[in-house]
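This report refers to the structure that appears directly beneath it.
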Amino acid sequence: MEQRAFGRSGQSASVVGLGTWQLGADWGNVDERDALAILDAAVASGVTFLDTADVYGDGRSERLIGRFLREHDGLTVATKMGRRGPQDPAEFTLKNFVEWTDRSRANLGVDRLDLVQLHCPPTPVFDTGEVYDALDTLVRDDRIAAYGVSVETCDEALAAIARPGVASVQIILNAFRRKPLERVLPAARAAGVAIIARVPLASGLLSGRFRRDTVFAVDDHRAYNRHGEAFDVGETFSGVDYETGLEAAAEFAALAPAGATPAQTALRWVIQQPGVTTVIPGASTVDQARANAAAAALPALPPETLAAVEDLYDRRIRAQVHDRW
């Protein structure tokens with residue numbers, strides 16, 4: 001699989017990585033055996049970049065990856081911190097960062113974390129110089145190799161990119177969330193900042209598998225967070241109304257080239273956006289992990305397909321999401 005330089009960090013990442021929120025919580029239950037099998041299938045398919053967070057299952061995702069790392073070398077693991085406690089800018093201090101990263105190091109079983117990302121913190125955090133000073137201290141102390149941010153909005157991303165120590169920005173980017181193409185990706189390219197594209201399938205909408213009568217488990221955020229009841233609504237179906245999303249997803253599926261699924265087409269679209277470093281779809285089965293990784297080998301989508309995706313967004317999606325994030 002293609003490996004891309006990971007921004008300012010000196011590291012690299014497979015162009016298709018693996019998001020592991022689902023191995024911790026909020027996507028229905030994935031037992032330990034299945035979780036380890038998913039990790040194994042992804043890595044066997046060429047994935048070298050794993051994305052997790054300390055809050056996923058309150059550390060369960062990190063601990064499962066830690067078990068996996070004991071038998072697998074050559075992987076880059078990005079974790080996130082900052083959402084286990086109060087969402088107060090005053091909480092984002094060096095003291096807390098040390099505590100949070102020590103917990104993640106223990107969960108993952110490593111001395112130094114490859115990448116730590118602030119996990120969609122309150123907006124004022126992105127403009128607070130002391131926060132970046134504290135992150136620089138973690139690097140100097142060899143607790144972490146590099147740091148980045150995970151953001152909700154394009155403005156937050158641009159604020160982080162302007163900071164010289166930021167190695168990466170993780171942002172929602174998919175065929176139904178195109179706004180980062182306008183300013184964020186060009187700014188990241190110019191600054192040498194890696195872009196981690198998350199929610200690339202719009203929480204599964206772009207797979208074309210869902211119907212109006214699809215039932216999600218009660219512990220799946222696609223059931224309980226459709227209107228932002230638990231966290232930012234943009235994290236669920238990319239903020240698109242479910243009915244609208246179903247109709248748009250059916251139209252998107254018709255654009256898939258021969259030999260590719262709608263999900264693979266959606267991933268291929270993200271991969272070829274200039275400035276993207278890695279895309280991190282989740283997977284709840286071994287087959288999904290393999291199919292996602294296979295998207296890296298697909299031919300680039302032709303200009304007429306790209307134009308059709310843009311037209312679909314403009315007609316059905318733009319009015320709902322473009323000015324919100």
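Mind grabbing the accessible area of Leu94 for me, 1.4 Å probe, Å², rounded to tens?
Accessible area of Leu94: about 70 Å².
Among Lys80, Lys95, Lys179, whose mean-square fluctuation peaks in a Gaussian network model of the chain (Cα, cutoff 10 Å)?
Lys95
Counting other C-beta atoms within 10 Å, and keeping those with at most 14, which DSSP coil GluC sites (Glu not before Pro) do you find in region 140-245?
Sites meeting the loop and neighbour criteria: Glu182, Glu229.
Determine the shape class of region 183-280: with a ≥ b ≥ c the square roots of the Cα gyration tensor eigenvalues, call it rounded for a/c under 1.5, and otherwise prolate if a/b is greater than b/c, oblate otherwise. Walk me through the numbers before you get to the answer.
Details: a/c = 2.50, a/b = 1.33, b/c = 1.88.
Oblate, since a/c reaches 1.5 and b/c is not below a/b.
For region 55-151, which whole percent of the accessible surface, found with a 1.4 angstrom probe, sits on carbon and sulfur atoms? Intermediate values should be presented prior to the final figure.
Numbers: 1830 of 4220 Å².
Answer for region 55-151: carbon and sulfur cover 43 percent of the accessible area.
What does the accessible area per residue of the chain come to in Å², with a 1.4 Å probe and no ligands, DNA or RNA counted?
Numbers: 13090 Å² over 325 residues.
For the chain, the solvent-accessible area averages 40 Å² per residue.
Gaussian network model of the chain, Cα springs within a sub-10 Å range: biggest mean-square fluctuation belongs to which of Ala35, Ala167, Ala106?
Of Ala35, Ala167, Ala106, the most mobile in the Gaussian network model is Ala106.
Please list, ordered by chain and number, the residues whose modelled amide H lies under 5 Å from the amide H of Asp220; skip anything fewer than 5 residues away on the same chain.
Here Gly28 satisfy the definition.
Report the relative contact order of the chain, percent, no decimals, based on alpha-carbon pairs under 8 angstrom and at least 6 residues apart.
Details: 633 pairs, mean separation 70.8, N = 325.
This gives 22 percent for the chain.
Relative contact order for region 89-167: what is it in percent, counting Cα pairs under 8 Å that are at least 6 residues apart? Write down the numbers at each step before the final one.
Numbers: 86 pairs, mean separation 27.4, N = 79.
RCO, region 89-167: 35 percent.
Express in Å², to the nearest 10, the accessible area of Arg222 obtained by rolling a 1.4 Å probe over the protein heavy atoms while all chains stay in place.
30
Just report the Cα centroid separation between region 1-61 and region 94-156, whole Å.
18
Restricting to region 1-111, what percent of DSSP beta bridges are antiparallel, rounded to 5? Let's see the in-between values first.
On the way: 4 of 9 bridges.
Rounded to the nearest five, the antiparallel share is 45 percent.
Solvent-accessible area of Met1, probe 1.4 Å, all protein chains present, reported in Å² to the nearest ten, please.
Only protein atoms counted, so the area is about 80 Å².
Can you bin every Cα-Cα distance in the chain into 20 Å intervals starting at zero and give me the percent of pairs per bin, rounded to whole numbers?
34, 61, 5
Taking the alpha carbon gyration tensor of region 129-213, what are the square roots of 5 times its eigenvalues, largest first, to the nearest whole Å?
30, 15, 10
How far apart, in nm, are the 7 Å Cα→Cβ label points at Asn96 and Asp287?
Reported label-point gap for Asn96 and Asp287 is 4.3 nm.
Just want to confirm a number: the relative contact order over region 155-276, from Cα pairs under 8 angstrom separated by 6+ residues, in percent. Could you put the intermediate results ahead of the total?
Values: 163 pairs, mean separation 36.6, N = 122.
Contact order relative to length: 30 percent.
So for the pair Arg103, Phe231, with labels modelled 7 Å out along Cα→Cβ, what separation do we get in nm?
Between Arg103 and Phe231, the simple spin-label model gives 1.4 nm.
The values are calculated or read from the model by the stated rules, or taken from the named source; none is laboratory data. What you are looking at is a predicted structure, and each value in this text was computed from that prediction instead of being measured. Methodologically, a virtual Cβ is constructed for each residue, glycine included, from the backbone with ideal geometry; neighbour enumeration extends over all protein chains shown. Surface areas here come from the heavy atoms of the whole protein model, side chains and all, with no ligands, DNA or RNA. Shrake-Rupley method; radii C 1.70, N 1.55, O 1.52, S 1.80 Å.
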